[in-house]
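**Q** Once you've had a glance at the structure underneath, I'll fire off some questions.
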Amino acid sequence: MKRFFKKSSGFTLIELLLVLAILAIVASVGIPAYTGSILKAHRSEAKAALMEVYLLQVEYFQDNYTYANLSTLVSNSYSNLEYYTITITPAIDGDNPSDTFTAKATAIGTQADDGACLTYTIDETGEKGSTGTGTASDCWGI
């Protein structure tokens, strides 16, 4: 007797559904972990820029006995940041020179979703701070 149906090779619907379920589970765990790692990696941009502002302010203060505002400092590394904006307050109060400053990096764009470290700060004494759900030591890695 001849066989009318050929045995087909391939995957059954159950096997395909099982693979899709496994992929969905892996994606549900992997994507949030990956996103968190990306946000954490972008934090280095803010820390590096603030450390540079701090060093430039120290150098400026040694020469001028006052701290500069952001536009006076000469550097391109903190002016074209992708994930943070840098501000300095108070650098100069009217005509009065300032002997204090606080530089602040504020998260923008997709980095604003980083609830742990929304802003970074550093002052004239080198004191580092941050806002968000994380502590300053967690955010700065100290």
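**Q** Might you let me know whether the stretch 8-18 holds any residue that is within 27 Å of L118 (Cβ to Cβ), modelled with pLDDT under 90 and either of a type in the set (A, V, I, L, M, F, W, C) or open to solvent by 60 Å² or more (accessible area, probe 1.4 Å) (or both)?
**A** If we filter the stretch 8-18 for residues that are within 27 Å of L118 (Cβ to Cβ), which is where we start, we get none.
No, that holds for no residue.
**Q** Restricting to the stretch 120-129, what's the tally of residues that are part of a strand (DSSP E or B) and farther than 16 Å from E82 by Cβ?
**A** Kept after step one, since they are part of a strand (DSSP E or B), are these residues of the stretch 120-129: 120-123, 128-129.
Filter once more, so that each one left must be farther than 16 Å from E82 by Cβ: 121-123, 128-129.
Count: 5.
**Q** I'd like the residue in the stretch 34-65 that is modelled with pLDDT of 85 or more and β-branched (V, I, T) and, out of all such residues, is least open to solvent (accessible area, probe 1.4 Å).
**A** Ranking the qualifying residues of the stretch 34-65, first place goes to V53.
**Q** Separate question: Being farther than 19 Å from V58 by Cβ and open to solvent by less than 50 Å² (accessible area, probe 1.4 Å) is the filter here; which residues of the stretch 124-142 pass it? It would help to see each step written out before you state the result.
**A** Taking the stretch 124-142 and keeping what is farther than 19 Å from V58 by Cβ, we get 130-139, 141.
Once the filter is applied, which keeps residues that are farther than 19 Å from V58 by Cβ and open to solvent by less than 50 Å² (accessible area, probe 1.4 Å), the stretch 124-142 yields S130, G132, G134, A136, C139.
**Q** Among the residues of the stretch 99-119, write down those that are in a strand (DSSP E or B) and over 13 Å from K40 (Cβ atoms).
**A** T102, A103, K104, A105, T106, T119
**Q** Please verify whether Y78 is in contact with a Gly (Cβ under 7 Å, 6 or more places away or on another chain), under 30 Å from D114 (Cα atoms) and either at pLDDT 85 or above or in a loop (DSSP other than H, G, I, E, B) (or both), treating the condition exactly as stated. Don't jump to the end; show me each part of the working.
**A** Details: in contact with a Gly (Cβ under 7 Å, 6 or more places away or on another chain): no; under 30 Å from D114 (Cα atoms): yes; either at pLDDT 85 or above or in a loop (DSSP other than H, G, I, E, B) (or both): yes.
No.
**Q** A further question follows. Restricting to the stretch 91-122, and then to whatever is open to solvent by less than 40 Å² (accessible area, probe 1.4 Å) and out of contact with any Gly (no Cβ under 8 Å at 6 or more places or on another chain), can you tell me which residue is modelled with the lowest pLDDT?
**A** Looking at the filtered set, the residue picked out is A91.
The values are calculated or read from the model by the stated rules, or taken from the named source; none is laboratory data. Predicted model, so just to flag it, every value in this text is computed and none were measured. So basically every Cβ, Gly included, is an ideal-geometry build from the backbone, and we count neighbours across all protein chains shown. When the accessible area is computed, the model is the full protein with side chains, heavy atoms only, and any ligands, DNA or RNA have been set aside. Shrake-Rupley method; radii C 1.70, N 1.55, O 1.52, S 1.80 Å.
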